[in-house]
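The structure under discussion appears below in the form of structure tokens.
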Amino acid sequence: MSGKPGIVVTTPQGLQYKLSNPADFAQARRIFAPEKEYELPELNSWLVQSGYHKEALVAKPGEFAIRGDILDIYPLDQENPVRIEFFGDEIDTIKEFDLATQRSQKEIDQVEIAAAQDRVFSSAAIQKAAEQIKKGYGRCTCAR
């Protein structure tokens, strides 16, 4: 996505695997900073759609947990998990936290959360696919 040249080592199967458009992948990320507003139910949906797994406690990269007004998330590209504390719908603080003790550590100014999977789909693309599936079921001539 950076546009910088690089080297990719892969298998023939890896070459056949289609990735999302870089623009779609870039749009699937969000930047969290104090005083920005988010609704936790909407964030829950976005995180699941982005490939994160909801757990009671965050233990490894790719997981998130929501407890009251606190969102814990372990982005794939971060060394430590992050705790985002809300006051209502507004972000109050963002801190890294220790996995072993689950205690907050240093406060950070902002955090960028990217998708936890290499294939992302917009809401419009999901809606379009759902409509095509519904249309396809009406034409099924399968033997029963």
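The values are calculated or read from the model by the stated rules, or taken from the named source; none is laboratory data. Remember, it's a predicted structure, so these values are computed and weren't measured experimentally. Cβ atoms come from the backbone with ideal geometry, glycine included; neighbour counts cover every protein chain shown. When the accessible area is computed, the model is the full protein with side chains, heavy atoms only, and any ligands, DNA or RNA have been set aside. Shrake-Rupley method; radii C 1.70, N 1.55, O 1.52, S 1.80 Å.
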Q. Just checking, which of GLU96, GLU85, GLU112 is outside any loop (DSSP other than H, G, I, E, B) and either in contact (Cβ under 8 Å) with a residue 60 or more places away in the chain or of a type in the set (Val, Ile, Thr) (or both)?
A. GLU112
**Q.** Of the criteria (1) closer than 26 Å to LYS18 by Cα; (2) within 18 Å of the chain's Cα centre (by Cα); (3) surrounded by fewer than 13 Cβ atoms within 10 Å (Cβ to Cβ), which one ALA114 fails
**A.** (3)
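Residue by residue, here is whether (1) among the aromatic types (Phe, Trp, Tyr); (2) in contact (Cβ under 8 Å) with a residue 12 or more places away in the chain; (3) surrounded by fewer than 17 Cβ atoms within 10 Å (Cβ to Cβ) holds:
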site	(1), (2), (3)
GLY3	no, no, yes
GLU37	no, yes, yes
PRO41	no, no, yes
SER45	no, no, yes
GLN49	no, yes, yes
LYS54	no, yes, yes
ALA65	no, no, no
LEU76	no, yes, yes
THR101	no, no, yes
Q) Only one of (1) open to solvent by less than 80 Å² (accessible area, probe 1.4 Å); (2) more than 16 Å from LEU99 (Cα to Cα); (3) out of contact with any helix residue (DSSP H, G or I) (no Cβ under 9 Å at 6 or more places or on another chain); (4) at pLDDT 90 or above is not met by ALA59, so which one is it? A) (2)
Q | Where a residue in the stretch 117-139 is part of a loop (DSSP other than H, G, I, E, B) and its partner, wherever it lies, is modelled with pLDDT under 80, with Cβ under 6 Å and at least six apart | A | ASP118/LEU19; ARG119/SER20; VAL120/SER20; VAL120/ASP24; VAL120/PHE25; VAL120/ALA28
Q: Quickly run through the stretch 31-48 and pick out the residues that are part of a loop (DSSP other than H, G, I, E, B) and among the charged types (D, E, K, R).
A: GLU35, LYS36, GLU39
Q) Out of (1) more than 14 Å from the chain's Cα centre (by Cα); (2) open to solvent by less than 20 Å² (accessible area, probe 1.4 Å), what's the single condition that is false for VAL120? A) (1)
Q. Of the residues in the stretch 30-80, how many are touching a Leu at 6+ places or on another chain (Cβ under 7 Å) and within 20 Å of PHE121 (Cα to Cα)?
A. 3
Q.
So in the stretch 9-34, with the set limited to residues that are more than 18 Å from ARG119 (Cα to Cα) and among the aliphatic types (A, V, I, L, M), which one is least open to solvent (accessible area, probe 1.4 Å)?
A. ALA33
